[in-house]
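Student: I am attaching a structure below and will ask some questions about it afterwards.
What follows is calculated from the coordinates using simple rules that are stated; it is not laboratory data. For clarity, every value in this text was computed on a predicted model and none was experimentally measured. Here the Cβ is made from the backbone with ideal geometry for all residues, glycine too, and neighbour counts use every protein chain on show.
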Amino acid sequence: MGILVKGEREKRGWDQADLAKRMGVTQQTVSRWEKGDSRPKQDDLSKLIDLFSGEDYEWFTKARYELDEPDTSLSPYLPVQNLSAENFELFCRDLVQSINPDADVHRYGTQGSNQDGIDLYAQEANIVLDYQCKRHKQFGAAGVRAAVKKTTLKAKHHYLLLSRMATGLARKEIRRHRNWTIWDKEDISAKVRQLPNDMSIRLVDTYFPGKRKSFLGVDAPSPWLSAEDYFMPFLDRLKLFSHGWNIVGRSKELEQLREFENQSTSQTIILSGRG
């Protein structure tokens, strides 16, 4: 560390007093840094990095500090609270269908009609599940009681789907009602992540455009195809033209290509001749 500080100081033609003045410390402090008798405190180290236009990683490493890594975690939640009431219901319908691929999933009427207290139902054989989509900023114990009381449809299990986080009182209240479950914003986001990739990507792209990368960690569609994706259609041997054919002829040129591929000194190869 001391060699680095001294080297950067001398590059600029400063003596220890000049550096000390710029840093707001004593000359003795700079001297101890350069001799290796002490190391700069983290605040002083950050000032040195700015002063000398240094790299954080290099300076923190030489000073034997651990450099905090940025949080690169995926977004924990989908912004379901930003969906309109209509789209939140449609999103919930598609999520329920994805979770229950063999079930018959429908919206149960529309707003203003007699819905027996529910918004969606899923039926597989003789089993019926119903769902209520609650797009509220606050949804506590009273909301749970009102939803349970309003539901008249007979079902094996009832679900409340919330666009916000459920309160502790709502969780406590739902446990008092048999065959009832809350899925709040956190639960819904986790359900989407647990789906097969094609299903989760389709849901996110449909209702939350631009969130595929930040939520699922999957790159958005690109005009640039990987070599594997580009040549995939040509690997089907049943097609008239296929890269699955055996290669015949041009053995000299093919050998040159193989040799070129297995070396690292040259970046360009020219094969001359008729196509």
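Student: Among all the lysines, which ones have a C-alpha under 27 Å from K172's C-alpha, if same-chain residues fewer than 8 places away are not counted?
Tutor: K134, K137, K149, K150, K154, K156, K185, K191
Student: Could you list the square roots of 5 times each eigenvalue of the Cα gyration tensor of the range 129-275, that is, the equivalent ellipsoid semi-axes, sorted largest first and rounded to whole Å? Display every interim value, and only then the final one.
Tutor: Numbers: eigenvalues 708, 62, 27 Å².
For the range 129-275, the semi-axes come out at 60, 18, 12 Å.
Student: Taking 1 over the mean of 1/r across every pair of different Cα atoms in the range 1-95, what Kirkwood radius in Å do you get? Before the final figure, lay out each step's value.
Tutor: Values: mean 1/r = 0.0606 Å⁻¹.
Final number for the Kirkwood radius of the range 1-95 is 16.5 Å.
Student: So what are the ³J(HN,Hα) numbers for the range 262-270, from phi and the Karplus equation (6.51, -1.76, 1.60; θ = phi - 60°), rounded to whole Hz, Gly and Pro as x?
Tutor: 8, 10, 10, 7, 10, 10, 9, 9, 10
Student: Using a simple charge model, +1 on the beta-carbon of Lys and Arg, -1 on the beta-carbon of Asp and Glu, nothing else, what dipole does the chain show about its Cα centre, in debye to the nearest 20?
Tutor: On the way: 42 positive and 39 negative charges, 230 e Å.
Here the size comes out at about 1100 debye.
Student: So, one more: Can you put I118, I270 in order, fewest other beta carbons within 10 Å first? Show your work: numbers first, answer last.
Tutor: On the way: I118 22, I270 5.
Final ranking by Cβ density, sparse to dense: I270, I118.
Student: Would you kindly derive the ³J(HN,Hα) couplings of the range 150-156 from the backbone phi angles with the Karplus curve 6.51 cos²θ - 1.76 cosθ + 1.60 (θ = phi - 60°), listing them in order in whole Hz, with x for Gly and Pro?
Tutor: For the range 150-156, the Karplus curve yields 6, 7, 10, 6, 7, 8, 5 Hz.
Student: For a bin width of 5 Å, list the pair-distance distribution of the chain built from all Cα-Cα distances, rounded to whole %.
Tutor: The distribution over the chain is 1, 4, 8, 9, 9, 7, 5, 5, 6, 7, 8, 8, 8, 6, 5, 2, 1, 0, given as percents.
Student: Take R64, R93, R22, R176 and order them by how many other Cβ atoms sit within 10 Å, fewest up front. Present the calculation step by step, with values, prior to reporting the outcome.
Tutor: Numbers: R64 8, R93 19, R22 15, R176 11.
Final ranking by Cβ density, sparse to dense: R64, R176, R22, R93.
Student: Among T181, L216, F234, whose Cα sits farthest toward the positive end of the charge dipole of the chain (+1 at Cβ of Lys/Arg, -1 at Cβ of Asp/Glu, about the Cα centre)?
Tutor: Selected residue: T181.
Student: In whole Hz, with x marking every Gly and Pro, tabulate ³J(HN,Hα) for the range 48-60 from phi via Karplus 6.51 cos²θ - 1.76 cosθ + 1.60, θ = phi - 60°.
Tutor: 4, 4, 5, 5, 9, 6, x, 8, 3, 4, 5, 5, 5
Student: Once amide H atoms are built 1.01 Å from N in the peptide plane, which residues 5 or more positions from I182, or in another chain, come under 5 Å H to H?
Tutor: L160
Student: With a 10 Å Cβ neighbour count serving as the proxy for reagent exposure, in which order, fewest first, do F241, F91, F231 appear?
Tutor: Values: F241 8, F91 22, F231 11.
Fewest to most other Cβ atoms nearby, the residues stand as F241, F231, F91.
Student: Report, by chain and number, residues whose modeled amide H sits under 5 Å from the one on R164, excluding near sequence neighbours (fewer than 5 apart, same chain).
Tutor: H136, K185
Student: Per DSSP H run of n ≥ 4, the term is -39500 (n - 2.57); total these for the chain, divide by its residue number, and report the mean residue ellipticity at 222 nm rounded to 500 deg cm²/dmol.
Tutor: Calculated from helices alone, the mean residue ellipticity at 222 nm is -12000 deg cm²/dmol.
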